[in-house]
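Reading through the C-alpha cells given below for one structure.
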Amino acid sequence: MTNKLLSLINNENRASIAVETGNAMHALLQKVFYPCNDGCDTEILKKISKTPELCEYMGKLSKTEVPIAGFVNGVFISRRIDRLYVNPQTKKVVVLDYKTDINRELYFKKYTEQLREYHDLLKQVYPDFNIQCKILWTHDFTLENVI
C-alpha cells in the first residue's frame, strides 16, 4: 500500500513539475525574438543562435501565442499556436510548437494530431503557402519536422 501511494505521489509530483517547467519555458520563449530584443533570456538566445533555421523562425516575421479557430472535418476548434512564422515573399508558413518532454515518443502521436489541426486551419488562411509544422524540443533546442 505504501509503495503504491508513494508511486502515485511521485507521478503527481512529476506531472506538476513538468507542467510548471513547460509553462515557464513558454513564458520565456514568448519574449524572445532573434536578434535579441530588450529583456530576452541570453542563455536561450545562445541555444537558438546555434541553429540558423531556428534564428529565422524566431525573427521579425514571427509572432507568439497566435490564436486560430475554424472548422476541421466539420468540427469547430480553437487553438493557440506557440510561434507562427509567415514569410509572404517566399510564401512559407512555419508553426513552431514548443515541447519540454525528454521522451519524444511518449506523446508524439498526440502532438502530430495537434500539428495536423494547426496545418489544416492555416491552409484555410494561407491556401497558396507552403505550411510546415515543427516541434521545438526545448530540452536540447532541436527542431523536428512533423508536417
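The values are calculated or read from the model by the stated rules, or taken from the named source; none is laboratory data. Given the structure is predicted, the values throughout are model-derived calculations rather than measurements. Here the Cβ positions follow ideal geometry from the backbone for every residue, glycine too, while neighbour counts run over all protein chains shown. Side chains included, ligands, DNA and RNA excluded: accessible areas come from the protein's heavy atoms. Shrake-Rupley method; radii C 1.70, N 1.55, O 1.52, S 1.80 Å.
Could you sort ASP97, ASP140, ASP128 by accessible area so the largest value comes first, with the probe set to 1.4 Å?
Sorted descending by solvent-accessible area, the residues read ASP128, ASP140, ASP97.
If I require 24 Å or longer along the helix axis, counting alpha carbons, and a Kyte-Doolittle average no lower than -0.5, what helices from the chain are left? Use full DSSP H segments.
Span-like helices in the chain: 2-30.
What size of dipole, in debye to the nearest 20, comes out for the chain about its Cα centre when the only charges are +1 on Lys and Arg C-beta atoms and -1 on Asp and Glu C-beta atoms?
Computed about the Cα centre, the dipole is about 160 debye.
On the protein heavy atoms, probe 1.4 angstrom, tell me the percent of accessible surface of segment 55-103 carried by carbon and sulfur.
54 percent
Taking a 1.4 Å probe, which of VAL32, VAL125 shows the most accessible area, and what order do the others take after it?
VAL125, VAL32
Out of the DSSP beta bridges found with both residues in the chain, what percent are antiparallel (nearest 5)?
Working: 19 of 27 bridges.
Percentage antiparallel, nearest 5: 70.
For log10 I(q)/I(0) by the Debye sum over Cα atoms at q = 0.09 Å⁻¹, pick the label among (1) -0.33; (2) -0.45; (3) -0.25 that corresponds to the value derived from the coordinates.
Computed from the coordinates, log10 I(q)/I(0) by the Debye sum over Cα atoms at q = 0.09 Å⁻¹ corresponds to (1).
Hey, if we sort MET58, MET25 by accessible area with the 1.4 Å probe, largest down, what's the order?
The ranking, largest first, comes out as MET25, MET58.
Among DSSP bridges having both ends in segment 77-147, what percentage is antiparallel? Round to the nearest 5.
Taking every DSSP beta bridge with both residues in segment 77-147, the antiparallel ones total about 55 percent.
Straight distance only, please: which lysines reach the Cα of LYS134 with their own Cα at less than 28 Å, same-chain residues fewer than 8 apart left out?
Excluding near neighbours in sequence, the set is LYS31, LYS46, LYS47, LYS50, LYS60, LYS63, LYS91, LYS92, LYS99, LYS109, LYS110, LYS123.
Helix-only mean residue ellipticity at 222 nm, the chain, DSSP H runs n ≥ 4 weighted -39,500 (n - 2.57), per residue, nearest 500. What is it?
So the helix-based figure for the chain works out to -13500 deg cm²/dmol.
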